[in-house]
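The block underneath contains the structure these notes are about, expressed in structure tokens.
The values are calculated or read from the model by the stated rules, or taken from the named source; none is laboratory data. Everything quoted here is computed from the prediction, not taken from an experiment. Note: ideal-geometry Cβ built from the backbone for every residue, glycine included; neighbour counts use all protein chains shown. In case anyone asks, the SASA skips ligands and DNA or RNA and just uses the protein heavy atoms, side chains included. Shrake-Rupley method; radii C 1.70, N 1.55, O 1.52, S 1.80 Å.
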Amino acid sequence: MSVIMFLGPPGAGKGEQCARLEASGWQILSTGQLLRQAAALQDARGLQIRDYLNRGALVPDEWVVDLVRDRVSASPGVRWILDGFPRTEAQASLLGALHLLPQHVFVLVAPDDLIVARLGGRMIDLESGRVYHDLYHPPKHAGVDDESGRPLVRRDDDRPEVIRARLALYHAHTAPMLDFFERVQGAYPLGLTYLDATDRIEHVYACVSAVLAS
Ligand code: ADP
Ligand code: AMP
């Protein structure tokens, strides 16, 4: 397989699973991470992007697709994991043109209540996107990234009111992506696996690994 994808609400655990797969040669294409990096540049476009992120709103499709196109063309021949892309039907319709049609989609299923609780404990390393949790995945040394030693931060959009806005957008625009993949399933070989995102991180990962090894 050369492209796989994780689909699920914010906080379902997509980033945690991607980080584990990275060790076996996959590269993560996280539009959230690309957008946070673009926002950090603080140029005119970056400031506009930051405003979308802080409101929990979807960034315009063309901006997201431009970032994805640049990222993919900079690294030919890579095995990609799509994390947070596509999030709209318009983005999904461009997957073929971007050579990013996934061969397998993992759907992380989690109830909204759990998401709000989980995101309250999330910490990240802004530069790498590595993710931790106060209880479920604490760093080796409190408050710093295991690999770089950089200080971990809370995401500006992991506040309860923004989480609710992001969840609403997920249900309105991104969850329907499943229909898209179920529709295209007949047109080319596509595997779909539903995973219980309430399981422990390592258990979810064992399920993902078993599917990829089969
Ligand atoms: P997403 O990428 O889907 O938004 P993350 O991977 O960033 O989600 O996970 C959100 C938070 O929940 C993080 O703090 C992460 O450490 C934690 N987390 C992820 N998966 C699980 C899990 N299966 N059980 C408990 N906590 C988890
Ligand atoms: P994530 O890191 O996946 O939780 O994404 C963080 C934020 O980035 C989202 O709440 C959106 O504001 C924005 N974002 C990420 N991916 C996309 C996308 N594919 N389309 C539009 N906005 C996105």
Which of 5, 123 is most accessible, then next, and so on - probe 1.4 Å: 123, 5
Accessible-area composition of the chain, carbon plus sulfur, in percent [1.4 Å probe]: 56 percent
Probe 1.4 Å - accessible area at residue 66, Å² to nearest ten: 80 Å²
Calculated log₁₀ intensity ratio I(q)/I(0) where the Debye formula runs over C-alpha points of the stretch 77-214, q = 0.10, 0.11, 0.21, 0.22 Å⁻¹: -0.42, -0.51, -1.43, -1.45
Among beta bridges that DSSP assigns inside the chain, antiparallel share in %, nearest 5: 25 percent
Probe 1.4 Å, protein heavy atoms only - accessible area per residue of the chain in square angstrom: 49 Å²
Residue (of 185, 5, 142) at the positive-pole extreme of the chain, dipole from beta-carbon charges: 142
Per-residue SASA entry for residue 170, accessible area with 1.4 Å probe, Å² rounded to 10: 30 Å²
For the chain, size of Cβ-based charge dipole, Lys and Arg +1, Asp and Glu -1, in debye: 120 debye
Accessible area in the full protein assembly, largest first, 1.4 Å probe, for 153, 64: 153, 64
Low-density loop cleavage sites - GluC sites (Glu not before Pro) in the stretch 88-178, where at most 12 other Cβ are within 10 Å (DSSP): 147
Residue 45 accessible area, 1.4 Å probe, all protein chains in place, Å² to nearest 10: 110 Å²
